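Since every read-out is calculated from the coordinates, none of them should be taken as a lab result. Small disclaimer: the values here were computed from a predicted structure and weren't measured. Cβ sites come from the backbone with ideal geometry, for glycine too, and all protein chains shown count toward neighbours.
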Amino acid sequence: MLLKLLYHTSFMKICIVLPTYNERVNIARIVPAIFRSGVPGELHILVVDDNSPDGTATEVERLHKTFPRLHLLKRTHKQGLGAAYIAGFAHALNTLEPDVLFEMDADFSHAPSDISRLLAALKNADLAIGSRYIRGGKIIGWSLWRKLVSRGGNMLSRILVGLPVVDCTAGFRAWSVPFLNKLDLTKLGVTGYAFQLSILQTAIKKGARVKEIPVTFTERQEGVSKLGKKDIVEFFRTALKLAVK
């Protein structure tokens, strides 16, 4: 009810968490695009940088002069997507006190124009997911191997873990903070991309109302994907672990 009121009165504070590692070129483009995307409410961006050697953090500090609601959390080394999100969520909740937290890629795989659509879905949900696999969603630019890995991971998640979500591995999500505060992120036990599966399963066990919104996922044009074999192994191990709980 509080989130509905905040949404309609545009008093909502929103924080978008962007994990980065060697994303200097992309971050210089995505930050202005997000701030200029017309999202209602008070919008903040928190970049969680894993000590990128390409100067991503320096670029964020430069952008902060133009966009004062851009924030930076510097980490000492690359620890994985999940570890970055856990640290970023904790930092945002403690320092910015937002009403909504977003997960989003910094490489334009997720369109800034879709942020408002996910935000609107939270009027009747605790978690809104930008889904590639429901009707109206699609992927542009992936190889056949990448599509098979993603589809296989989602099928495994639904069958083994029993998740009632079509796109279980989506990285574009909006969380209602009152609900997110019910989750103990320190107990997820993941550091990589398995974070998406682990936090989703935890949320559903807590009774989360989940809504999927169709989005177009576009493969990055700059830089390289950080998804590696270690992440894939961790994901499938996590799925098997959650299946026996």
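Remarks
- Subtracting the Cα-Cα distance of residue 205 and residue 117 from their residue separation scaled by 0.36 nm leaves 29.2 nm.
- Helices in the chain, meaning DSSP H runs of at least 4 residues, each add -39500 (n - 2.57). Divided by all residues, the mean residue ellipticity at 222 nm is -11500 deg cm²/dmol.
- Backbone HN-Hα couplings from phi across the stretch 94-99 [Karplus 6.51/-1.76/1.60, Hz, Gly and Pro as x]: 7, 9, 9, 6, x, 8
- Efficiency of FRET from Cβ geometry, residue 124 and residue 51, R₀ 45 Å, rounded to 0.05: 0.65
- The stretch 133-174: trypsin sites (Lys or Arg not before Pro) in DSSP loop, at most 15 other beta carbons within 10 Å: 135
- Of the trypsin sites (Lys or Arg not before Pro) in the stretch 50-100, those whose Cβ has at most 13 other Cβ within 10 Å and which sit in DSSP loop: 65
- Label corresponding to P(r) over Cα pairs in 10 Å bins from 0, in percent when calculated from the structure given, among (i) 7, 30, 34, 20, 8, 1, 0; (ii) 6, 20, 17, 10, 9, 10, 8, 9, 7, 2, 0; (iii) 7, 33, 40, 18, 1: (iii)
- Other-chain or far-sequence residues with amide H under 5 Å of residue 43's (modelled H): 14
- Computed from label points 7 Å out along Cα-Cβ, the spacing between residue 222 and residue 58 is 1.5 nm.
- Between residue 54 and 22, the built amide H atoms are under 5 Å apart, and every one of these is 5 or more places off in sequence or on another chain.
- Separation of the residue 139 and residue 28 label points, Cα + 7 Å toward Cβ, nm: 3.0 nm
- Expressed as a fraction of 2.2 N^0.38 Å, the C-alpha radius of gyration for the stretch 1-140 is 1.03.
- Near residue 18, the amide H atoms lying under 5 Å from its own belong to 46, 47, 48; only residues 5 or more places off or on other chains count, and H is placed 1.01 Å from N.
- Among 38, 171, 153, the largest mean-square fluctuation in a Gaussian network model of the chain (Cα springs under 10 Å) belongs to 38.
- Within-9-Å neighbourhood charge of residue 98 [Cβ basis; K, R +1; D, E -1]: -2
- Under the convention that each Lys and Arg Cβ holds +1 and each Asp and Glu Cβ holds -1, the size of the dipole of the chain around its Cα centre is about 680 debye.
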